[in-house]
1. Would you be able to tell me the number of residues in segment 341-353 that are over 19 Å from the mean Cα position of the chain (by Cα) and buried (at least 19 other Cβ atoms within 10 Å of the Cβ)?
2. Give the number of residues within segment 168-189 that are surrounded by fewer than 24 Cβ atoms within 10 Å (Cβ to Cβ) and over 12 Å from the mean Cα position of the chain (by Cα).
3. If you take just the helices (runs of 4 or more DSSP H) that sit entirely in segment 274-385, which of them hold at least 1 residues that are more than 30 Å from THR253 (Cα to Cα) and in contact with a strand residue (DSSP E or B) (Cβ under 8 Å, 6 or more places away or on another chain)?
4. Quick check on my filter: what residues within segment 1-33 are surrounded by fewer than 11 Cβ atoms within 10 Å (Cβ to Cβ) and in a loop (DSSP other than H, G, I, E, B)?
5. Restricting to segment 204-227, what's the tally of residues that are surrounded by fewer than 24 Cβ atoms within 10 Å (Cβ to Cβ) and either modelled with pLDDT under 95 or under 19 Å from VAL177 (Cβ atoms) (or both)?
6. With the condition kept exactly as written, say whether any residue in segment 47-54 is out of contact with any Ser or Thr (no Cβ under 6 Å at 6 or more places or on another chain), assigned by TED's automatic domain parsing to the domain that holds GLN235, more than 23 Å from THR230 (Cα to Cα) and surrounded by 15 or more Cβ atoms within 10 Å (Cβ to Cβ).
7. Within 24 Å of HIS31 (Cβ to Cβ) and out of contact with any Ser or Thr (no Cβ under 6 Å at 6 or more places or on another chain): which single residue out of ALA194, ALA201 fits that description?
Amino acid sequence: MNAAKWTKRSLAAQAMGKIDSTTKGVVPPIHISTTYIRDEDNGYSTGFIYGRPDNETVHEAQAVLAMLEEAKAGALLFGSGMAAATAVFQALSPGDHVVASKVMYWALRAWLLTEATRWGIKVDFVETDDLAALKTAVKPGATKLVWIETPSNPLWTITDIAGAAEIAHAAGAKLAVDSTCASPVHTRPLTLGADIVMHAATKVLNGHSDVVAGALCAREDDEFWNRVKTVRKGQGGILGPFEAYLLMRGMRTLHVRQERQSASAMALATKLSAHPLVSRVLYPGLPQHPGHDIAARQMENGFGFMLSVQVTGGEAAAIATAAHVELYKRATSLGGVESLIEHRASIEGAGSPCPTDLLRLSTGIEDIDDLYADLDQALKAGHRA
């Protein structure tokens with residue numbers, strides 16, 4: 001298939017037009033072999049040597065993601081989002097300095113404060129939506145990586161990717177972007193100057209809450225990207241073929257799902273902004289949201305499927321509201337076809353920047369009127385409790 005001829009939406013829907021060469025099936029088979037025949041001259045003319053770094057089903061899914069992200073150096077799939085994210089930091093050297101978003105995925109922040117620090121990485125956290133603060137935190141010559149998350153979970157802070165890239169590159173550092181909550185449907189950080197994009201592919205890329213996976217995409221096939229490849233190959237944080245197949249299935253419907261989810265999230269954010277039991281709605285699509293103008297500039301096809309609400313009754317009312325939902329599911333994670341609600345501060349614990357009166361909402365593909373009705377009755381019940 002001539003990829004240059006068709007839109008990303010069409011290419012993703014057909015998994016890059018891959019046809020099974022044996023049966024002519026329109027869905028590629030799952031390749032499960034872990035080892036491959038050597039040629040008579042002892043070589044590997046197919047390019048496949050062993051199943052840890054080499055699997056055709058994984059390669060096919062990587063090709064779709066690389067196309068979506070416009071990743072010239074390609075994509076790598078990992079066994080989880082954490083495996084993907086930590087591989088970037090493990091490609092650094094002891095003593096290297098990192099600047100990371102203060103509001104970011106909590107598990108990765110905890111890893112940076114413990115394992116990465118123990119290994120010798122020096123980490124400073126800063127509000128990366130404040131480019132002046134970011135510029136001050138970066139140390140030319142010493143800072144090797146700037147890690148941002150935008151929109152950032154769970155406050156949906158927006159960082160100017162192009163601005164952050166300029167600051168990082170001026171200091172001789174790479175810029176990596178956790179774009180899990182945007183996905184390539186809404187943002188393509190590599191086209192804005194980022195060097196690496198990370199996805200917890202468990203989330204909206206898969207979209208069905210049945211795969212744990214991670215991904216990295218790179219703009220240039222340089223020394224740093226090859227160190228990331230070495231980390232993946234040597235430590236074995238790979239994705240299995242069955243999971244890669246499920247991820248591919250999910251990416252085929254990515255555009256359809258995200259369009260619905262984003263539109264519903266915008267509608268919910270607008271309606272909840274007028275709800276008497278909601279004190280604040282955090283959603284990049286709202287004009288009053290901090291960073292809305294930047295989001296409008298670097299996001300397209302909507303503002304994503306995630307929003308958070310702060311309730312008027314404080315922490316107790318927030319927890320009680322989550323306890324009274326009927327259609328929403330009280331569960332962690334995000335990006336699936338089912339809508340989820342979570343009192344995030346309870347998960348993150350002490351030291352979390354998440355307000356205790358905040359509920360995080362992952363918008364699925366259910367009927368929008370049903371979703372609002374469920375939140376409305378839960379808010380009323382939660383504030384009576």
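1. Counting residues in segment 341-353 that are over 19 Å from the mean Cα position of the chain (by Cα) and buried (at least 19 other Cβ atoms within 10 Å of the Cβ) gives 2.
2. Result for segment 168-189: 4.
3. Helices (runs of 4 or more DSSP H) meeting the threshold: 314-323, 344-348, 368-384.
4. Those that are surrounded by fewer than 11 Cβ atoms within 10 Å (Cβ to Cβ) and in a loop (DSSP other than H, G, I, E, B): ASN2, THR7, SER21, THR22, THR23, LYS24.
5. Number of matching residues: 7.
6. Scanning segment 47-54 turns up no residue that is out of contact with any Ser or Thr (no Cβ under 6 Å at 6 or more places or on another chain), assigned by TED's automatic domain parsing to the domain that holds GLN235, more than 23 Å from THR230 (Cα to Cα) and surrounded by 15 or more Cβ atoms within 10 Å (Cβ to Cβ).
7. ALA201
Rundown of residues vs (1) in contact with a Leu (Cβ under 6 Å, 6 or more places away or on another chain); (2) β-branched (Val, Ile, Thr); (3) crowded, with 18+ Cβ neighbours inside 10 Å; (4) touching a residue at least 24 places away in the same chain (Cβ under 8 Å), yes/no style:
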| residue | (1), (2), (3), (4) |
| --- | --- |
| ALA87 | no, no, yes, yes |
| GLN90 | no, no, yes, yes |
| GLY95 | no, no, no, yes |
| VAL99 | no, yes, yes, yes |
| TRP111 | no, no, no, yes |
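The values are calculated or read from the model by the stated rules, or taken from the named source; none is laboratory data. Computed from a predicted model, the values in this text were never measured in an experiment. Here the Cβ is made from the backbone with ideal geometry for all residues, glycine too, and neighbour counts use every protein chain on show.
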